[in-house]
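Nothing in this text is a laboratory measurement; each read-out follows from the coordinates by a stated rule. All figures in this text were calculated on a predicted structure; none of them were measured in a lab. A quick note on method: Cβ atoms are made from the backbone with ideal geometry, for glycine too, and the neighbour counts reach across all protein chains shown.
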Amino acid sequence: MNDLRIRAAEPADLDTVLPFWKVAAEGTSISDDRDGVARLLARDPEALIVAERHGELAGTVIAGFDGWRCHLYRLAVHPDHRRQGIGGALLAAAEERFVRLGGRRGDAMVLDGNTLAHHTWRAAGYAPQPEWSRWVKPLE
């Protein structure tokens, strides 16, 4: 994977990331818009990590840290680049970021129905926590 480049996203990447998620990510989020991702980058410029191969976007992960907890979102690898280690490389970069910031445990938002992703998460050492459920309330 010498041709793989992992880096923090920049505001100029937003016009590429948002359509990429429509192709590579499972499910949608209320925050999947330019303003939402721009706010993320303004608050935490290193939170959105991208993987590029041959100059094209191949994967993403959001590694959010609030000073206490480490949260992973939007791990997405383009269908043409799956099963080549990109997801693992993105998770390793996110975990390195968390350790550098003083994080002690990462948690991931993974759709129950996204069985394709379950293998990637398990292979990276993550497991579901059945005693917890996610409770949400849209604010808009």
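The table below gives the values:
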read-out	value
Calculated [θ] (222 nm, deg cm²/dmol) that DSSP helices of n ≥ 4 give over the chain, each run adding -39,500 (n - 2.57)	-10000 deg cm²/dmol
Potential extension, Asp3-Thr28 segment - 0.36 nm per residue separation minus Cα distance	6.1 nm
In range of the label at Tyr126: residues from region 75-92 whose backbone nitrogen is under 16 Å from the point 7 Å along Cα→Cβ	75-78, 83, 85-92
Net +/- balance of residues flanking Ala93 in space, Cβ distance below 14 Å, scoring K and R +1, D and E -1	+1
Candidate values (1) 1.19; (2) 1.00; (3) 1.14, label of the one derived for Cα Rg over 2.2 N^0.38 Å	(2)
